[in-house]
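A quick write-up on the structure given underneath.
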Amino acid sequence: NAGVTQTPKFQVLKTGQSMTLQCAQDMNHNSMYWYRQDPGMGLRLIYYSASEGTTDKGEVPNGYNVSRLNKREFSLRLESAAPSQTSVYFCASRRLAGGPQYFGAGTRLSVL
Amino acid sequence: DAKTTQPNSMESNEEEPVHLPCNHSTISGTDYIHWYRQLPSQGPEYVIHGLTSNVNNRMASLAIAEDRKSSTLILHRATLRDAAVYYCVDNYGQNFVFGPGTRLSVLP
């Protein structure tokens, strides 16, 4: 039972490079989320997708774009990476409004 | 904006109960209160959640104050595997606002 799978696990970018973080869930959940976690801090919501075909901004959306490819997959794109985007990125999903979220293992991104 | 506050760290002895507090200063009537915990180099793990009344599950209990401005996560018998960072979270609609987290140390 895979749950929420994130790829890659680690990535190093140079300033200005672009990349896409992938997330897939196999629990038939409706909503999916992208967070970032900076050292010693809690998670901050970047974007979410309440259902297939919809996306909305969270607390810290600047510098990111997202795509809800289908019900299973939700990707996060950095078009021009900056050192301030060095962080650990987590994807999560949940089935129902008000219900619990389930998280992936994270992607550790360094931007030099 | 929603805001939660938690103590930076707490200690407990193994097999004793632990009460982890959280203040939800800006919570509204329809916001859910969630708790998650995170082990080093892992994603957060769901612990428990509730709206108004106290909740119990196999992992923990959640006590919610009558005015909902505070909640307490209760681990009934702490084990070494419970050592983690515990986050309380305000959930309004699709938004989740994480607190700063409490690092729980469990002493053998």
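Quick note: the coordinates plus some simple rules give every number you see, no bench work behind them. What you see is a predicted model, and the numbers here were worked out from it, not measured in a lab. Using ideal geometry, Cβ is built from the backbone for each residue, glycine included, and neighbour counts are taken over all protein chains shown.
Below are the figures for this structure:
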read-out	value
Top positive-direction residue, dipole computed over region B:36-95 with Cβ charges, set B:Tyr92, B:Gly43, B:Ala65	B:Gly43
Compactness index (Cα Rg / 2.2 N^0.38 Å), region A:1-46	1.39
Alpha-carbon gyration tensor eigenvalues x 5, square-rooted, for region A:1-89, Å	21, 14, 13
Normalised convex hull volume, chain B, alpha-carbon set, Å³ per residue	93 Å³
Magnitude of the charge dipole, region B:27-74, Cβ model with Lys/Arg +1 and Asp/Glu -1, debye to 20	120 debye
Evaluated at q = 0.12, 0.13, 0.19 Å⁻¹: base-10 log I(q)/I(0), Debye formula over Cα of the protein assembly as shown	-0.64, -0.74, -1.40
Whichever aspartates and glutamates have a C-alpha closer than 17 Å to that of B:Lys69, once near sequence neighbours (fewer than 8 apart) are set aside	B:Asp1, B:Asp31, B:Asp90
Test item: A:99-107 mean partner chain Cβ contacts at 10 Å	5
For region A:1-94, size of Cβ-based charge dipole, Lys and Arg +1, Asp and Glu -1, in debye	80 debye
Charge-dipole axis of chain A as Lys and Arg at +1 and Asp and Glu at -1 on Cβ define it, positive-most pick from A:Phe10, A:Ser110, A:Met32	A:Phe10
